[in-house]
1. Does residue 39 meet the test of being of a type in the set (Gly, Ala, Ser) and crowded, with 16+ Cβ neighbours inside 10 Å?
2. Being over 18 Å from the mean Cα position of the chain (by Cα) and over 21 Å from residue 117 (Cα atoms) is the filter; apply it to the range 45-64 and report the residue that is surrounded by the fewest Cβ atoms within 10 Å (Cβ to Cβ).
3. Testing residue 104 on (1) farther than 17 Å from residue 21 by Cβ; (2) open to solvent by less than 60 Å² (accessible area, probe 1.4 Å); (3) free of Cβ contacts under 8 Å to residues at least 24 places away in the same chain, one condition comes back false. Which one is that?
4. Report, by residue number, each residue of the range 78-97 that is closer than 20 Å to residue 122 by Cβ, open to solvent by 10 Å² or more (accessible area, probe 1.4 Å) and not basic (Lys, Arg).
5. When you scan the range 1-36, how many residues do you find that are surrounded by 18 or more Cβ atoms within 10 Å (Cβ to Cβ) and free of Cβ contacts under 8 Å to residues at least 60 places away in the same chain?
6. Scan the range 152-165 residue by residue and report those that are surrounded by 13 or more Cβ atoms within 10 Å (Cβ to Cβ) and not basic (Lys, Arg).
7. When the range 166-181 is examined, which residues are found to be touching a Lys or Arg at 6+ places or on another chain (Cβ under 8 Å) and surrounded by 13 or more Cβ atoms within 10 Å (Cβ to Cβ)?
Amino acid sequence: MMSEERTLLIVDDNEIFRERLARAFRDRTFEVRVADGHAQAITLAGEESPEWAVVDMKMPGKSGLEVVRDLKSIDPQTKIVVLTGYGSIATAIDAVRLGAINYLQKPADADDIIAAFERGEQPPMSGADHDYQAPSLARAEWEHIQRVLADCGGNISEAARRLDIHRRTLQRKLDKYPPRE
């Protein structure tokens with residue numbers, strides 16, 4: 001699979017991460033183009049649609065979800081993996097519904113991303129012979145908060161009311177990185 005050259009679009013607002021990832025993929029014989037946000041990504045994809053795209057979820061301006069949606073409208077065959085430092089089940093589901101084939105939490109390197117593309121191309125439930133580990137209580141709380149926040153359209157005040165906690169308490173919880181499993 002890796003013997004042929006593939007085209008890859010990397011969309012991330014962090015220049016250092018974007019360029020480091022691009023270099024790693026070029027070393028693996030990918031033809032790589034980079035974009036720092038929605039507008040540049042859509043322009044590049046309109047010129048030549050990539051086979052694969054790696055899209056950061058949280059960027060200034062339009063979000064990674066909007067990039068996923070618009071890349072898929074340009075070329076439904078583009079395979080997309082979403083990267084995020086602020087992952088939740090809610091955003092993973094949204095990304096997949098919009099057409100992403102996989103979703104990874106940062107930090108992720110080129111090998112992690114290639115593995116995510118390969119897993120995304122396999123039929124569901126293949127290789128599902130690993131033991132399930134229940135998430136920690138802190139992780140379950142984080143996922144619930146993210147779901148309620150998504151249901152409120154990102155409105156922190158409304159989410160705090162629905163969660164029955166003070167708005168500032170919710171903001172402090174959101175400022176923290178998500179807990180590991």
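The values are calculated or read from the model by the stated rules, or taken from the named source; none is laboratory data. Everything numeric here is computed off the predicted structure, so don't read it as measured data. With ideal geometry, Cβ positions are generated from the backbone for all residues, glycine too; neighbour counts draw on all protein chains shown. The protein model used for the area step is the full one, side chains on, heavy atoms only, and it has no ligands, DNA or RNA in it. Shrake-Rupley method; radii C 1.70, N 1.55, O 1.52, S 1.80 Å.
1. no
2. 47
3. Every condition holds for residue 104 apart from (1).
4. 92, 93, 96 - these are the residues of the range 78-97 that are closer than 20 Å to residue 122 by Cβ, open to solvent by 10 Å² or more (accessible area, probe 1.4 Å) and not basic (Lys, Arg).
5. Qualifying residue count, the range 1-36: 12.
6. 152, 156, 158, 159, 160, 163, 165
7. Within the range 166-181, 178, 179 meet the criteria.
Per-residue answers, yes or no, for (1) at pLDDT below 95; (2) touching a strand residue (DSSP E or B) at 6+ places or on another chain (Cβ under 6 Å):
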site: 13; (1), (2): yes, no
site: 18; (1), (2): yes, yes
site: 33; (1), (2): no, yes
site: 38; (1), (2): no, no
site: 73; (1), (2): no, no
